[in-house]
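Everything below concerns the one structure shown next.
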Amino acid sequence: MSTKEPSEADILRPINTLTKKYFLVYGIAAIGLLAFIVAWGYQLQKGLVVTGLGDWGSGGGSTWGLYIGAFIWWVGVAHGGIILSAAVRLLGMDRYMPIARLAEMTTIGGLSAAGFYIIVHMGRPDRMVTSIIGHYHITVNNSPLVWDVTVITAYFVLSATYLGLTLRYDVNRLRDDLPDMFEPIYKIMTIGYTKREDEVIQRMVWWLAAAVIIMAPLLLHGGVIPWLFALLPAMPAWTGAIQGPMFLSIALMSAISGVIIISYGFRRAYDWDHIITDDIFRGLLLWLGFFTLLFLWFQLQAVFNGIFLGPLDKAHAAEAKIAHPLYRIAIGLIFASLVYIFAQGIRPALFSKKRALVVSCAVLMGTLTEKVLFVVEGFMDPHFNIYANTPGSYFPSAIEWLSLVGTTALVVLLFLNLSKLVPVVELHAIEHLRGEHEHSEEATEPEVEA
Amino acid sequence: MSTDDESFHPLGDEWEDELETMLDDTEYDSDLGMEMAQDAMRVTKGELSEAEFHEKHHEAVMEEFGEDERPTKEAYEAAQEEAKGTASRMLDAFDGDGGETRRETMKKMGVGAAAVGMGAFSSTRDGPMESLSAEGGHSETTEHSDTQWGMTIDLERCDGCLTCMTACTQENDLDAGVNWMYVMAWEDELHEGHEEGTDTGVYSSDFNMGSDFNMLVRPCQHCTDAPCEKVCPTTARHTRDKDGLVLTDYDVCIGCRYCQVACPYGVNYFQWDEPHTDYEDIPKAKDRDVDSPDEITHAQYEHGERWVDSRAPRGVMSKCTMCPSMQDGQQGDEKVGTSACETACPPNAIQFGNVKDEKSDPYQHREHPSKSRAVIRLSSEHTDSSGIPSPETIDGTLSSDDDIESALEKFENLDKETLSIMKAVELVSDRTEPGDEENNSILRKEQEVVAAVDAFEQYVDLETDAAITQLQLGDGSERQARFRIQQYTGKPNSFKLLEDVGTNPNVTYLGEQPGPEAEQVEGPTKYEDVGLVDKRQDLLDEETVGGIDGVSL
Ligand code: SF4
Ligand code: SF4
């Protein structure tokens, strides 16, 4: 631990400083988002023909591609983020308190990006409201896509409430040091706040966290999202009960990696060595390793099930999967990350934050690649595999690639904006680090063993 | 377990009260509606049997609506259905002649039932949603219509000429590569394909059995349990209640393409860009006698029209529709019960019609493939036997001192084999009247054959041992006659495509079933040669922004 004493001034620093670097990052992100919005405008004008997508079957294309792959990836990041933060609150993992809010904001960012992808992916986004909401009472009984939209909306509301509630405490106490410019926003945020509510809010947040943890495997990334694919008999590459756990492990890997990268950024930008400590990075890395191990285990199950005496369709899908060079690269990246994480667990000298950063980027690349491939694989080896033009071809168009830049920029902008508005590290965390926090003595975080 | 004084609704009393107020607004007894909704809920939970449900509400319904077409108790108990199917069917039991009662009952129960999560009920109060929820289309809703359009396709008659594909493309103004109807040749380990260097490969008989091409004709299967419909987030993909067609509402579809993902047959084609035929040009394309494109593109529903036919507009999904504008009579009565592909197919390989009607062509062809084949062939102009003489012709031609040989000499087109098959058909025919439903041509033609044989037998006895022997009909028994027909037409297998997936398709095939490892091969006619595009991706790739040629994930 650092010798510096964490203070309110520390967590207020992002709000009260304005650096050239901030502007630079802001500018780049804005350009990225804008570029994609322009490209999307072109897509709206021309139709989805500007993508690399096509009809599976006699046409020899891929119905879904990068848009859907990136959509489930962002949803994964989001779901993983909220699970992370919920775990910190629920299990009293006070050590990670400084990054809990970052994880929650990641969730909001991830869900925004995912929501954006739903719209970008559709042929007639203008009908989103009339067609989906108008028939919701019928379709919610059948359509996994509607279940998806439902849980995503529910979790957006849940996460925003969660974040909003915990912010009231901070905003109220730090009000004097917050910029007057945003006064109306703070007023709304803290409407009706009294100190007596703190305890109630604590309890509410605890219950929200409990709901998130319980529902994560059942309804979130361990259930409804994979069901979008896993329930369809037409595509053997997708079916199977392992997809639930698989998706959940990917979500957690991606979220932890994302949080490591974001934490790294903030620590560097605002000298938070004593707040987001090395200890946090080490801990996160170990958790990342744990979920990576689970992921690799699930992959092994899925693939081996197909290639040993699979039914023909499943066997073809599994063979095609492991033969794919990109799949090998993705799994290779993830495996190498796992090796490093365990190695640094055994020999702490191998740890450095830069390396943690590299590993996180590698894992994110790996999971994104895996997701996009997963989506496309379905269309390449369908159950009804008679068409000469199947497996067809698909390569994302420039517009589709740009969507990754655009949504990443969207999330970066969200962080840049939020960081000027509210503290991204909780006041509770500072109090806890200073040993003032009432619960600090009962910190019961189970140490992760390598 | 819910008791009467407890709220039956998970959201509690308040919500229930609200529902009751809504029910009060409808013109009928709201207590009855509420009680029926409650009991329907109990049926879905298994607390009440369907028979009990009907027992309980029969009198009240009679009183309120004056009719109750309740099926027998046994019939109900036999059927163990999932909750929604159950609910829909229960309502149906109150169906009156014109479906009026059903609608009224739904109106009443709808409010309560929508809230208890039974989609099949949904709200049917007046409003824009009315048509959508009533036709809202889930697989089980087709159960109660006695029309289900479908096809029986004889793959051994298909010679791969692709005429049906071009006819469909023209009828629906489809873009290149949008092959709603798709015909392919295939081979697998058990079914060898055509070898280079041999002739066209199409055997000179009317049956493709000797051909070295195995064909597959693949329209949309208009599945009774259509996965495409199940997954649709908007109800754009729906089953039309009155005739079981699975259609896409082009005004509702959001273009998410989930239906294309879920359909195991790969029959969906998305409209990735602006269609090449303008909407206004749709009726002009052919000699159709309609005033506006709407008459071709909009199909009739219980509650008005929906845009479901012809090529899709940009950004929505399309697939084979089985020509609803024809089934609705928009293109003239003579086209009811036909489809563009059926009409176009030169060897009559496609039999379209109501697959639930025992007298329909697809039904007859499916249940009696060999006999139907023989009948189709005997009366088909496409074949060299070119029709059978009418009884009048026979009367005017034959005299009572003719024997088989001399009689046959008097007809140009009649040879001994044809007569033998005609007699065999007569022997196996149970002389079912074709009725006046649309598209019962197989039975009608069968009657012609039987009538011709009857007329023939006025002059020449075909039942003597000598005649039977001469006609190679064994001992003249029905069994031997059937065998004779099978010798002539073959005895095809019948199958449905991917039955294991549980879609309950409404297309039946006669002929060889492609195995799981079957692969499409080049067929007797090339797609390009008849102006079709096979690999649509090539066209789509031309429009891809910044795509890289030849690179694929
Ligand atoms: S074949 Fe069946 S699942 Fe496929 S589009 Fe047609 S009705 Fe839907
Ligand atoms: S593409 Fe249209 S018809 Fe198909 S599932 Fe989506 S909304 Fe329904």
For region B:241-270, the count of residues that are in contact with a Leu (Cβ under 9 Å, 6 or more places away or on another chain), within 14 Å of ligand 2 (Cβ to nearest atom) and not acidic (Asp, Glu) equals 9
For region B:314-325, which residues satisfy the criterion of being more than 13 Å from ligand 2 (Cβ to nearest atom) and away from every other protein chain (no Cβ under 14 Å)? B:Met322, B:Cys323, B:Pro324, B:Ser325
Considering every residue within region B:276-294, establish whether at least one is among the hydroxyl-bearing types (Ser, Thr, Tyr), over 24 Å from B:Met165 (Cα atoms), more than 8 Å from ligand 2 (Cβ to nearest atom) and free of Cβ contacts under 8 Å to residues at least 60 places away in the same chain. yes
Qualifying residue in region B:237-250 (condition: crowded, with 24+ Cβ neighbours inside 10 Å, facing chain A (nearest Cβ under 7 Å) and in a loop (DSSP other than H, G, I, E, B)): no
Selection from region B:295-315 of residues that are in contact (Cβ under 8 Å) with a residue 60 or more places away in the chain and either in a strand (DSSP E or B) or of a type in the set (Ser, Thr, Tyr) (or both): B:Tyr301, B:Gly304, B:Arg306, B:Ser310
Top-ranked residue in region B:304-313 [being surrounded by 16 or more Cβ atoms within 10 Å (Cβ to Cβ) and more than 16 Å from ligand 1 (Cβ to nearest atom); ranked as farthest from the other protein chains (Cβ to nearest Cβ)]: B:Ser310
How many residues are buried (at least 24 other Cβ atoms within 10 Å of the Cβ) and in contact with a Ser or Thr (Cβ under 8 Å, 6 or more places away or on another chain) if we restrict to region A:393-410? 5
Within region B:481-495, track down each residue that is free of Cβ contacts under 8 Å to residues at least 60 places away in the same chain and within 19 Å of the chain's Cα centre (by Cα). B:Phe495
Subset of region B:213-236, residues more than 9 Å from ligand 2 (Cβ to nearest atom) and within 10 Å of chain A (Cβ to nearest Cβ), comes to B:Leu216, B:Arg218, B:Pro227, B:Lys230
Provide a single number: the residues in region B:254-273 that are part of a loop (DSSP other than H, G, I, E, B) and either near ligand 1 (Cβ under 10 Å from one of its atoms) or in contact with a Pro (Cβ under 9 Å, 6 or more places away or on another chain) (or both). 10
Restricting to region A:7-41, what's the tally of residues that are exposed (fewer than 12 other Cβ atoms within 10 Å of the Cβ) and within 14 Å of another protein chain (Cβ to nearest Cβ)? 1
Please work out which residue is modelled with the lowest pLDDT, limiting yourself to region B:265-303 and to residues that are crowded, with 24+ Cβ neighbours inside 10 Å and out of contact with any strand residue (DSSP E or B) (no Cβ under 7 Å at 6 or more places or on another chain). B:Ile296
Could you say whether any residue in region B:274-290 is in contact with a Gly (Cβ under 7 Å, 6 or more places away or on another chain), within 16 Å of ligand 1 (Cβ to nearest atom) and closer than 23 Å to A:Lys46 by Cβ? no
Applying the selection to region B:393-421, what residues are over 15 Å from B:Leu462 (Cβ atoms) and in contact (Cβ under 8 Å) with a residue 40 or more places away in the chain? B:Asp395, B:Ser399
Just wondering, is there one or more residues in region B:347-359 that are buried (at least 22 other Cβ atoms within 10 Å of the Cβ), of a type in the set (A, V, I, L, M) and part of a helix (DSSP H, G or I)? no
Out of all the residues in region A:156-168, is one or more among the small types (Gly, Ala, Ser), without any contact (Cβ under 8 Å) to a residue 60 or more places away in the chain and outside any helix (DSSP H, G or I)? no
Could you please find all residues in region B:487-522 being buried (at least 23 other Cβ atoms within 10 Å of the Cβ), polar (S, T, N, Q) and not in a loop (DSSP other than H, G, I, E, B)? B:Thr489, B:Thr508
Meets criteria (within 14 Å of chain B (Cβ to nearest Cβ), surrounded by fewer than 16 Cβ atoms within 10 Å (Cβ to Cβ) and closer than 19 Å to A:Leu231 by Cα) for A:Leu312: yes
Inside region A:186-286, counting only helices (runs of 4 or more DSSP H) that do not spill past its ends, which hold 3 or more residues that are small (Gly, Ala, Ser), within 15 Å of the chain's Cα centre (by Cα) and buried (at least 24 other Cβ atoms within 10 Å of the Cβ)? A:243-270
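The values are calculated or read from the model by the stated rules, or taken from the named source; none is laboratory data. Model, not experiment: these values are computed from the prediction. All Cβ positions, glycine included, derive from the backbone under ideal geometry; neighbour counts span all protein chains shown.
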